[in-house]
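Notes to accompany the following structure.
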Amino acid sequence: MSLALNIDHDMAPRPKPQGPLDLVGLSKKDIAARLGEIGLSERDSRMRASQLWNWIYVNGATDFGQMTNIAKGLRADLAEAFTIGRPEIVSEQVSNDGTRKWLFRFRDPAHPHMPPVEVETVYIPESDRGTLCVSSQVGCTLTCSFCHTGTQKLVRNLTAGEILAQVMMARERLGDFPGGVRPTDGLVPHGESRAITNIVMMGMGEPLYNYENVKKALLIASDGEGLSLSKRRITLSTSGVVPFIEPTGSEIGVMLAISLHAVRNDLRDVLVPINKKWPLEELLEACRTYPGVSNAKRITFEYVMLKDINDSDADARELVRLLANIPAKINLIPFNPWPGSNYVCSDWDRIEAFADIVNRAGYASPVRTPRGRDIFAACGQLKSETERLKKKDRDAFML
Ligand code: SAH
Ligand code: SF4
């Protein structure tokens, strides 16, 4: 699916690769094609691609030297042509509730003259699951008025490899690969063999403004011969990029979450300005026809609770009315403040009264407990220092 969206991404064409190519983020077919380029026959390329896939995604290998079922000479050739990337960890913080946040720095080995970028990834352990909240962009071009990420100008889209590398590095740090060691600080879920059982594309950025890379990364994350995360345990959250909602269902097949936050166009235009381009009617129609949607595979509607803005009984009733013929779950999110934010979180009894109306209409409407606020890891608090380079500086880096 490629649609010409009029997005003001500052996406300079990337220069031709100069260094070894990172295998993380390439499809198995792409890996085989690259092996063909370094002289392997078609049959060998396919076989070696499967072996590499297993080493990279099942075993978490980062060094070709570990790959004992590949002859030494070939391992040396592979090490010359390719890398298996992991981001640099700038910081790793653990909240007093066990939430863990990493600041990752990515340098693209194939483009060593490009400046590095930094993104945040958050791990939220609960008793029965562990959720990794993954970023899709550095910053965000959209400017939802209650979101900290929206105040950071987009630097660039993350590549499929960089999206996946967040999952790979988190698994490594949490001891999720064979032979790995669980951290002793922070929590991991009980009775689960994996620390990371779920992925949500709810970190920095709008995933549907980076559709192709997100698609590639999620198809690799859910590949049964690799990381093997079930598509039902992967949720993509969008602010409402309507033309990419259908393809998300038909081409990726993951669970969908919609950042709704308002039930009237005039208010949603202010809170989630992309609403001016794709208003509520179009957004809800795309949800109604989302491929695979059913009572067993409901769409999650996220609703941030903003005091005196969107939290009245009338708003709750309208919410129920709007979602009437869509298999839906409603997730009420207490607003998480950030330095300079102009909103206040609704009072607790208001949130309860709102949740009551929604519950009585037959929706389970869990109020999302804010996690990791003390380390600025909660929804909408993520932001990295990476700023968009001026064109002049960017050009200088390209030389
Ligand atoms: N860009 C995507 C995904 C990332 S945001 C999207 O907007 O859906 C993940 C969720 O956190 C979204 O529902 C977003 O609206 C919400 N959010 C943003 N800022 C918040 C804040 N300050 N407090 C609570 N939730 C917030
Ligand atoms: Fe971007 Fe989502 Fe934040 Fe809106 S809520 S600014 S789309 S990250």
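The values are calculated or read from the model by the stated rules, or taken from the named source; none is laboratory data. Since the model is a prediction, treat every value here as computed from it, not as a measurement. Cβ coordinates were reconstructed from backbone atoms using ideal geometry, including for glycine residues, and neighbour counts include every protein chain displayed. For accessibility, only protein heavy atoms count, side chains too; no ligands or nucleic acids. Shrake-Rupley method; radii C 1.70, N 1.55, O 1.52, S 1.80 Å.
Go over the candidates Gly130, Gly203 one by one and state the one that is away from ligand 1 (no atom under 16 Å from the Cβ) and either open to solvent by less than 10 Å² (accessible area, probe 1.4 Å) or in contact with a strand residue (DSSP E or B) (Cβ under 8 Å, 6 or more places away or on another chain) (or both).
Numbers: Gly203 fails: away from ligand 1 (no atom under 16 Å from the Cβ).
Just one listed residue meets the conditions, Gly130.
For a quick check of your reading of the model, give me the residue pairs whose first member lies in segment 143-156 and is over 20 Å from Leu267 (Cα atoms), whose second is open to solvent by 30 Å² or more (accessible area, probe 1.4 Å) and at pLDDT 80 or above, with beta-carbon atoms closer than 7 Å and at least 6 apart or on different chains.
Leu154/Thr141
Filter segment 280-316 down to residues that are in a helix (DSSP H, G or I) and not small (Gly, Ala, Ser), then give me how many there are.
Just the residues of segment 280-316 that are in a helix (DSSP H, G or I), to begin with: 280-288, 313-316.
From what's left, not small (Gly, Ala, Ser): 280-285, 287-288, 313, 315.
Residues flagged as in a helix (DSSP H, G or I) and not small (Gly, Ala, Ser) within segment 280-316 amount to 10.
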